Amino acid sequence: MSTLINFSIFPLDKGESVSVYVAGALKIIRDSGLPYALNSMGTTVEGEWDEVMEVVTRCFEEMNRDCERVYVTLTADYRKGRQGRIESKIKSVESKLPA
């Protein structure tokens with residue numbers, strides 16, 4: 001089984017540059033050991049449903065300690081019997097791209 005989530009999390013009360021807070025969330029993601037891919041608007045994480053949701057919860061709890069207002073967006077794609085979809089989904093689309 002595989003759940004892909006793409007989420008972003010950041011504080012709304014810490015000014016214009018919030019990269020230090022985003023980096024704190026990324027450390028939690030990296031330390032989880034789950035496959036992930038950082039992108040310009042969020043991070044994609046792959047694992048079992050409970051695993052990826054635990055990562056999101058840990059990121060929220062960490063940010064919530066220092067921030068009065070936290071913004072989170074999350075999309076999820078659950079598919080039985082598949083793994084390694086962070087890269088395979090991209091390769092599938094690119095292989096069908098006309099020359």
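Miscellaneous remarks
- Qualifying residue in region 77-99 (condition: out of contact with any strand residue (DSSP E or B) (no Cβ under 9 Å at 6 or more places or on another chain), assigned to a helix (DSSP H, G or I), of a type outside the set (Gly, Ala, Ser) and under 26 Å from residue 13 (Cα atoms)): no
- Within region 77-99, the only residue that satisfies the criterion of being of a type in the set (A, V, I, L, M, F, W, C) and either surrounded by 14 or more Cβ atoms within 10 Å (Cβ to Cβ) or touching a His at 6+ places or on another chain (Cβ under 9 Å) (or both) is 86.
- Residue list for region 1-53, restricted to those being within 14 Å of the chain's Cα centre (by Cα), aliphatic (A, V, I, L, M), assigned to a loop (DSSP other than H, G, I, E, B) and surrounded by 12 or more Cβ atoms within 10 Å (Cβ to Cβ): 34
- Identity of the residue in region 54-71, in a helix (DSSP H, G or I) and charged (D, E, K, R), that ends up surrounded by the fewest Cβ atoms within 10 Å (Cβ to Cβ): 65
- Filtered residues of region 17-58 (kept if touching an Asp or Glu at 6+ places or on another chain (Cβ under 9 Å) and aromatic (Phe, Trp, Tyr)): 21, 36
- Test set (1) within 12 Å of the chain's Cα centre (by Cα); (2) surrounded by 13 or more Cβ atoms within 10 Å (Cβ to Cβ); (3) part of a helix (DSSP H, G or I) - residue 74 fails condition number: (3)
- Every pair of residues 6+ apart whose Cβ atoms lie under 7 Å, when the first sits in region 48-59 and is closer than 14 Å to residue 76 by Cβ while the second is of a type in the set (A, V, I, L, M) and modelled with pLDDT under 95: 48/1
The values are calculated or read from the model by the stated rules, or taken from the named source; none is laboratory data. A quick note: this is a predicted structure, and the numbers were derived from the prediction, not measured. Methodologically, a virtual Cβ is constructed for each residue, glycine included, from the backbone with ideal geometry; neighbour enumeration extends over all protein chains shown.
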